[in-house]
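The values are calculated or read from the model by the stated rules, or taken from the named source; none is laboratory data. Just so it is clear, the structure is predicted and the values come from calculations on it, not from any experiment. FYI the Cβ positions are ideal-geometry reconstructions off the backbone, even for glycines, and counts take in every protein chain you see. For the accessible areas, the whole protein counts, side chains as well, though only heavy atoms, and no ligand, DNA or RNA atoms are used. Shrake-Rupley method; radii C 1.70, N 1.55, O 1.52, S 1.80 Å.
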Amino acid sequence: QVQLVESGGGLVQPGGSLRLSCAASGSLLRLYFMGWYRQAPGKQRELVATITTGGSINYSDSVKGRFTISRDNAKNTVGLQMNSLKPEDTAVYYCNTAIRGTQYWGQGTQVTVSS
């Protein structure tokens with residue numbers, strides 16, 4: 001059984017920064033493709049960033065240049081550094097992986113960007 005737990009969300013002013021972390025139990029995240037997604041109220045869940053086992057990274061156009069996804073294999077975590085935050089970044093952020101065809105999601109962490 002794989003469990004993913006996100007942390008690090010909160011309230012931040014526009015232009016501020018937050019760092020999200022996704023911790024796993026039951027599996028080694030370094031072995032799997034990982035993604036960060038977000039879902040704003042009334043909108044569909046959207047992909048934010050992905051990182052492969054080999055370290056290849058992709059970002060959605062809306063966060064490119066502002067967000068950075070990374071792995072900390074020693075801590076078995078995947079992080080999302082978010083800089084220059086905008087009100088439109090407000091959403092619940094989820095980490096995700098797929099292991100042997102099964103999707104795993106965390107419970108999400110709320111990020112609110114507001115003055």
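From a point 7 Å beyond the Cα of Gln107 in the direction of its Cβ, which residues of the stretch 6-29 have a backbone N at a distance under 11 Å? Counting backbone N atoms under 11 Å from the label point, the list is 6-7.
Give the separation of the Cα centroids, the stretch 1-45 to the stretch 66-114, in Å. That distance is 2 Å.
The apolar share of the surface of the chain, taken as the fraction of accessible area on carbon and sulfur atoms (1.4 Å probe, ligands and nucleic acids excluded), comes to 47 percent. Using the empirical formula 2.2 N^0.38 Å as the baseline, the Cα radius of gyration of the stretch 50-101 reaches a ratio of 1.25. Semi-axes of the equivalent ellipsoid for the chain, computed as √(5λ) from the eigenvalues of its C-alpha gyration tensor and ordered from largest down, come to 23, 14, 13 Å. With both residues required to sit in the stretch 31-107, DSSP beta bridges show an antiparallel share near 100%.
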